[in-house]
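Below is one structure, written out as C-alpha cells, with a few remarks after it.
The values are calculated or read from the model by the stated rules, or taken from the named source; none is laboratory data. Owing to the predicted nature of the structure, the values given are computational and were not obtained by experimental measurement. When we count neighbours, we look across all protein chains shown, and the Cβ atoms used for this are built from the backbone with ideal geometry, even at glycine. Accessible surface is based on the protein model in full, side chains and every heavy atom, while ligands, DNA and RNA are left aside. Shrake-Rupley method; radii C 1.70, N 1.55, O 1.52, S 1.80 Å.
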Amino acid sequence: QSDMLLVTREMMQDNSNHEDLVRQTQIAEVVNVLSQSILPSRVEIDTEALANNAKIIKEFVGDDVEIMSAVKANGYGHGAVTVARTALLNGTTYLAVANMAEAMELRDAGITAPILTLSYVPVFAIRQAIQQNISVVLFDLELAQQYERVARDVDGKLKVHIKMDSGMGRMGALPGDAVRLFRSVHAMQNIEIEGIYTHFSSADEDLEFTAEQLHVFKGVVASLKATGFDFKYIHAANSSGILGNRDNFFNIV
C-alpha cells in the first residue's frame, strides 16, 4: 500500500493527472505520515528478571524434575530466542513451541536444546522435524501411521510425545484408547515414544477439576506402565499447575 501511495504522489506532480485522482489532500497527508515513525511505543525486556524467574521455578520443583519452558507466540511477546536462551542458562532443559515455524526460528538461531511442538504438525513437515531433531505431539493412530511412512522414507526416527485428553477437550487421545494407541505406535519402527502428557484446562481457578484431570491422567500412566510401557518424560503441569500441587510435577513441568 505504501508503494501505491508513493506512485500516486508522483502522479500528483503532473497536473494532467489530477482529474483521475481522488482525495488528493488526504493521500498527500498519508504519504507524509508514512515517512515518520508511527510506533512511538516500545517494550524493554529485563533478561535478569527472566533469569531470576527461571531460577526460582527450578529451586521450587527440585533437582529431580526437569523444566520445559514454553516459548510459543514469540516467547509470549518477550522474544522467543531471548527467552529460550535465558531459560536454558537458568535451569530449563527442554523448550516447547506451538508449531514447526516457531521451532525452526530457534534452530536457525543456533539453539540445539530439545524442542516439542504443542499443536498438530502437518505430515509434510515431519521430514524437517526429523532432520532438526524436533519432537512432535501425537494423539491419533491414523496420524501416527502417516508420520511413520515419512520417517521410514527418510530412514529416520521421529520422536513423539503422546497427548492424553484428561478433560480439557481440545486435543488428545481419550483415556479408553490409550493402551491400543500406545501398543500400535510402539510397534512402529521409525517412531520413538519419548513422552506422555496432558494439559490442565483451569489450574489457575478450578482446583477440583484440576484434581480430577490429574486423577484421570495418573490412571492412564499407571495402566500403561502395568502393560510394560515406560517413558522418558511424563508431564502435565503448566505454570499454574506447578504452583498448585507438587503431585502435578511428574518428572518434567
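Details
- Top-ranked residue of region 141-177 - restricted to ones that are in contact with a Leu (Cβ under 6 Å, 6 or more places away or on another chain) and assigned to a helix (DSSP H, G or I), ranked as surrounded by the fewest Cβ atoms within 10 Å (Cβ to Cβ): 141
- Which numbered condition residue 243 misses (of (1) open to solvent by 10 Å² or more (accessible area, probe 1.4 Å); (2) of a type in the set (A, V, I, L, M, F, W, C); (3) within 22 Å of residue 119 (Cα to Cα)): (3)
- Residues (on the phi > 0 side of the Ramachandran plot and free of Cβ contacts under 8 Å to residues at least 40 places away in the same chain) located in region 208-253: 228
- Residue among 96, 87, 101, 109 that alone is in contact with a strand residue (DSSP E or B) (Cβ under 9 Å, 6 or more places away or on another chain) and under 27 Å from residue 151 (Cβ atoms): 96
- Scoring residue 112 on the criteria (1) within 17 Å of residue 130 (Cβ to Cβ); (2) in a loop (DSSP other than H, G, I, E, B); (3) open to solvent by less than 30 Å² (accessible area, probe 1.4 Å) leaves a single failure, condition (3).
- Residues of region 45-84 that turn out to be in a loop (DSSP other than H, G, I, E, B) and within 13 Å of the chain's Cα centre (by Cα), as a count: 1
- Tallying residues that are of a type in the set (S, T, N, Q) and either closer than 15 Å to residue 173 by Cβ or out of contact with any helix residue (DSSP H, G or I) (no Cβ under 9 Å at 6 or more places or on another chain) (or both) within region 189-226 yields 3.
- Filter result (small (Gly, Ala, Ser) and over 21 Å from the mean Cα position of the chain (by Cα)) within region 151-201: 151, 156, 176, 178, 184, 187
- Whichever residue in region 198-214 is within 25 Å of residue 141 (Cβ to Cβ) and open to solvent by 10 Å² or more (accessible area, probe 1.4 Å) and, among such residues, is modelled with the highest pLDDT: 199
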